[in-house]
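The values are calculated or read from the model by the stated rules, or taken from the named source; none is laboratory data. The structure displayed is predicted, hence computed values, not measured ones. Note that each Cβ is placed from the backbone with ideal geometry, even for glycine, and that neighbours are counted across all protein chains shown.
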């Protein structure tokens, strides 16, 4: 029985000053209340084990429940000919479950008894696939900083079915009886990541939530230190060199 808590946070900050000449200035209002169009913006932002003489051998099967989220926060300030503050949130929570399998693998002639073993390296893999309910909430607020113009608000919710699939690999080097160094790489695809489509001059449709697919790659160099009872000495032959039973 294993448990884990994972998190990911991204913060993007920036400022830009634009001089407007004539009627070329665009003011932002997600409700399109007698103002100009807004350009499209989206932020997407976004596990081992025996190996035998075979190239690939499944060592375990996974069934689990999963909750994750992608939260996006945007804030804009305009100062100059037209003054305004604009803020919006686009938060999605994924509820679902997954199945998968994983284990240890060898690299053919480099693996069992080969270069990989002589260097003291072990390789592991994990594959997961799951279905999720993607619950999305959007909140937008536009303040024109003009007493003659009202502050506008917009709230939208949406639910979609999302597929999330991932492939993970790990290459581990034993440094001592309790210590090892791992290079982990995750490839993940999410079929539904929300993005906003804003009302504008060329569209008769209101501001709405749509979605796009997203693919991410993440690599981590991790130092593993075993705690608790003393582990078996590393001088023992690796599992990949033991005969199958």
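Some points to look at:
- Residue in region 203-226 that is touching a strand residue (DSSP E or B) at 6+ places or on another chain (Cβ under 8 Å), buried (at least 16 other Cβ atoms within 10 Å of the Cβ), under 25 Å from residue 123 (Cβ atoms) and at pLDDT below 90 present: no
- From the options 168, 123, 106, residue that is closer than 21 Å to residue 188 by Cα and touching a helix residue (DSSP H, G or I) at 6+ places or on another chain (Cβ under 9 Å): 123
- Considering region 190-208, the residues that are assigned to a strand (DSSP E or B) and more than 19 Å from the chain's Cα centre (by Cα) include one that is nearest to residue 175 (Cα to Cα), namely 197.
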